[in-house]
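The values are calculated or read from the model by the stated rules, or taken from the named source; none is laboratory data. Keep in mind that what you see is a predicted model, and the values were worked out from it rather than measured. As a convention, Cβ positions derive from the backbone with ideal geometry for all residues, glycine included, and neighbour counts pool all protein chains shown.
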Amino acid sequence: MKIAVLGGDGFVGWPTSLHLSEQGHDVHILDNLSRRWIDTELGVQSLTPMDSIQERTRIWHQETGRRIHFHLIDIARDYDVFKGWLAEHKPDAIVHFAEQRAAPYSMKSDRHKNYTVNNNVNATHNLLNAMVETGVDAHLVHLGTMGVYGYSTVGAAIPEGYLPVGIETMDGQTVKQDILYPANPGSIYHMTKCLDQLLFQFYAKNDGLRVTDLHQGIVWGTHTEQTRRHEQLINRFDYDGDYGTVLNRFLIQAAIGFPLTVHGTGGQTRAFIHIQDSVRCIDLALQNPPEAGDKVKIFNQMTETHRVKDLAELVSRLTGTDVAYLPNPRKEAAENDLVVHNEQFLSLGLNPITLEEGLLEEVVEVARKYAYRVDRSRIPAVSAWTKDIEPTINRDP
Ligand code: NAD
Ligand code: USQ
């Protein structure tokens, strides 16, 4: 297949592009490199030394003989350029990663809120609009988030996208219907993913677009089979207070002896998936498209749930690092249970990498190896959810 990977220079997009190229697909990365500019804005850099996208694709060709093409396009702002690209290249499938994905970054200021909404909602809508306009009948696979559900299970497992409900009619009958699980975002970023869901529902219904939405949990780890092949194919690894996700942050904190930054009591339970499994799931989704006229296909792309406190204790046990309980800069439940249905990917053959088997290797191989590149002052999470929350002070113990 010819596959367009929107946002293919990012943390999940890059290893996905390599994997799909290795499978023999003709891969085209479209990216505006905004993530690299945001690193510059924040004064941070990936823990792992990343080459330019052009250099990365050159090394991939050198190592494998395969070409990955790169196109510098802003999907949110260059509608006509993007539409022209689609009309010319007519991909068979499109994987859509091209959004601002950090919840803390989206809550930093009014400017960051506007940027996140404008970028994410426009990118998704431009894509759907251009697909209809050009008549490109591609299968669209979008990376969504578990955060669209909120994280409370109210005593029942979260279904894969749709909730079966019984609605009482005027004459006392009960009509059964599947509705989108009620959206309950916890940040401006997560809110944009809820808006994306409605855009997909509309375009699938109105124009028969074939859409798969992957409600993904927190991705941890760095390497995949393909990124290991050459030092210059390495994936990015964010550890800073905005883009670093919780487990990857704990790993690098442990490597440099920085007390593990647990927010509040650490009672928040979240869903997780290793980067290698994330890539496999996207491949499985591409192999199992919906038919035209089908409703949006939704998968829960996660393999385990953990409480933040338990993760910190596990990393602490493995490495001897202290745990610091800090005031929570976010507005979120102090504690929550989380049970999630994920049978669809398991039934398609996903055999998950568990935290227990993968964790130690990550600590040693990646975190310790590149610990010399860490700027300790960028570790604290300084973005507060509301004006009355005191942001964590930028302290280095
Ligand atoms: P990332 O920030 O590393 O990558 C996103 C890429 O999209 C970047 O290369 C960026 O330059 C590009 N991009 C952003 N806006 C664009 C635009 N308007 N036009 C063109 N390119 C644009 O993020 P990631 O961690 O790889 O996440 C990818 C997707 O997966 C995101 O949509 C995110 O919401 C979702 N997701 C990520 C995680 C996670 O833990 N990383 C978990 C669940 C879901
Ligand atoms: N947390 C800490 N300490 C830290 C960092 C985070 O205790 O140093 C806590 C947070 O308060 C939160 C939990 O860990 O309760 C998860 O935070 P996170 O930054 O790891 O994840 P989140 O903000 O939810 O966002 C990440 C990705 C996002 C994706 C989402 C999937 O950045 O793109 O959509 O995970 S999910 O969480 O399932 O919604």
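Here are some residues: Leu128, Leu214. Which one is more than 30 Å from Asn248 (Cα to Cα) and under 22 Å from the mean Cα position of the chain (by Cα)? Steps first, please.
Details: Leu214 fails: more than 30 Å from Asn248 (Cα to Cα).
When all the criteria are applied, what remains is Leu128.
Could you tell me whether region 245-253 includes any residue that is surrounded by fewer than 23 Cβ atoms within 10 Å (Cβ to Cβ), on the phi < 0 side of the Ramachandran plot and out of contact with any Leu (no Cβ under 9 Å at 6 or more places or on another chain)? Yes, region 245-253 contains a residue that is surrounded by fewer than 23 Cβ atoms within 10 Å (Cβ to Cβ), on the phi < 0 side of the Ramachandran plot and out of contact with any Leu (no Cβ under 9 Å at 6 or more places or on another chain).
Kindly establish whether Thr305 is farther than 30 Å from Tyr203 by Cα, more than 9 Å from ligand 2 (Cβ to nearest atom), in contact with a strand residue (DSSP E or B) (Cβ under 8 Å, 6 or more places away or on another chain) and not in a strand (DSSP E or B). If you could, list the steps in order and put the result at the bottom.
Details: farther than 30 Å from Tyr203 by Cα: yes; more than 9 Å from ligand 2 (Cβ to nearest atom): yes; in contact with a strand residue (DSSP E or B) (Cβ under 8 Å, 6 or more places away or on another chain): yes; not in a strand (DSSP E or B): no.
Here the answer is no, as Thr305 does not meet what is asked.
Residues in region 348-378 that are within 22 Å of the chain's Cα centre (by Cα), assigned to a helix (DSSP H, G or I) and small (Gly, Ala, Ser): Gly358, Ala367.
For region 44-54, state whether one or more residues are touching a strand residue (DSSP E or B) at 6+ places or on another chain (Cβ under 9 Å) and closer than 24 Å to Pro91 by Cα. Yes: region 44-54 contains one or more residues that are touching a strand residue (DSSP E or B) at 6+ places or on another chain (Cβ under 9 Å) and closer than 24 Å to Pro91 by Cα.
Taking the stated definitions as given, is Glu343 buried (at least 21 other Cβ atoms within 10 Å of the Cβ), within 25 Å of His19 (Cβ to Cβ) and acidic (Asp, Glu)?
Working: buried (at least 21 other Cβ atoms within 10 Å of the Cβ): no; within 25 Å of His19 (Cβ to Cβ): yes; acidic (Asp, Glu): yes.
Here the answer is no, as Glu343 does not meet what is asked.
Out of everything in region 225-267 that is touching a Pro at 6+ places or on another chain (Cβ under 6 Å), under 16 Å from Leu47 (Cα atoms) and not in a helix (DSSP H, G or I), what residue ends up being farthest from ligand 2 (Cβ to nearest atom)? The qualifying residue farthest from ligand 2 (Cβ to nearest atom) is Asn235.
Just one residue in the set Thr261, Thr265, Thr269 is within 16 Å of ligand 1 (Cβ to nearest atom), touching a helix residue (DSSP H, G or I) at 6+ places or on another chain (Cβ under 9 Å) and either at pLDDT below 95 or among the hydroxyl-bearing types (Ser, Thr, Tyr) (or both); that residue is Thr269.
Out of Ile53, Ile68, report the one residue that is within 14 Å of Leu18 (Cα to Cα) and surrounded by fewer than 21 Cβ atoms within 10 Å (Cβ to Cβ).
Values: Ile68 fails: surrounded by fewer than 21 Cβ atoms within 10 Å (Cβ to Cβ).
Just one listed residue meets the conditions, Ile53.
Evaluate the following for Lys113: is it surrounded by fewer than 23 Cβ atoms within 10 Å (Cβ to Cβ), among the basic types (Lys, Arg), at pLDDT 95 or above and farther than 22 Å from Val27 by Cα?
On the way: surrounded by fewer than 23 Cβ atoms within 10 Å (Cβ to Cβ): yes; among the basic types (Lys, Arg): yes; at pLDDT 95 or above: yes; farther than 22 Å from Val27 by Cα: yes.
Answer is yes for this residue.
Scanning region 181-224 for residues that are surrounded by fewer than 21 Cβ atoms within 10 Å (Cβ to Cβ), closer than 18 Å to Pro290 by Cβ and within 11 Å of ligand 2 (Cβ to nearest atom) returns no hits.
Can you find even one residue in region 72-95 that is in a helix (DSSP H, G or I), touching a helix residue (DSSP H, G or I) at 6+ places or on another chain (Cβ under 6 Å), surrounded by 15 or more Cβ atoms within 10 Å (Cβ to Cβ) and of a type in the set (Val, Ile, Thr)? No - not one qualifying residue is present in region 72-95.
Of the helices (runs of 4 or more DSSP H) lying entirely inside region 1-68, those containing at least 1 residues that are on the phi < 0 side of the Ramachandran plot and within 16 Å of ligand 2 (Cβ to nearest atom) are 13-22, 34-42. State whether one or more residues within region 259-281 are acidic (Asp, Glu), under 16 Å from Ile94 (Cα atoms) and either touching a Ser or Thr at 6+ places or on another chain (Cβ under 8 Å) or surrounded by 22 or more Cβ atoms within 10 Å (Cβ to Cβ) (or both). Within region 259-281, none of the residues are acidic (Asp, Glu), under 16 Å from Ile94 (Cα atoms) and either touching a Ser or Thr at 6+ places or on another chain (Cβ under 8 Å) or surrounded by 22 or more Cβ atoms within 10 Å (Cβ to Cβ) (or both). Here the condition is being under 17 Å from Ile273 (Cα atoms), away from ligand 2 (no atom under 15 Å from the Cβ), buried (at least 18 other Cβ atoms within 10 Å of the Cβ) and touching a residue at least 40 places away in the same chain (Cβ under 8 Å); of Leu359, Leu355, Leu338, Leu348, it holds for Leu359 alone.
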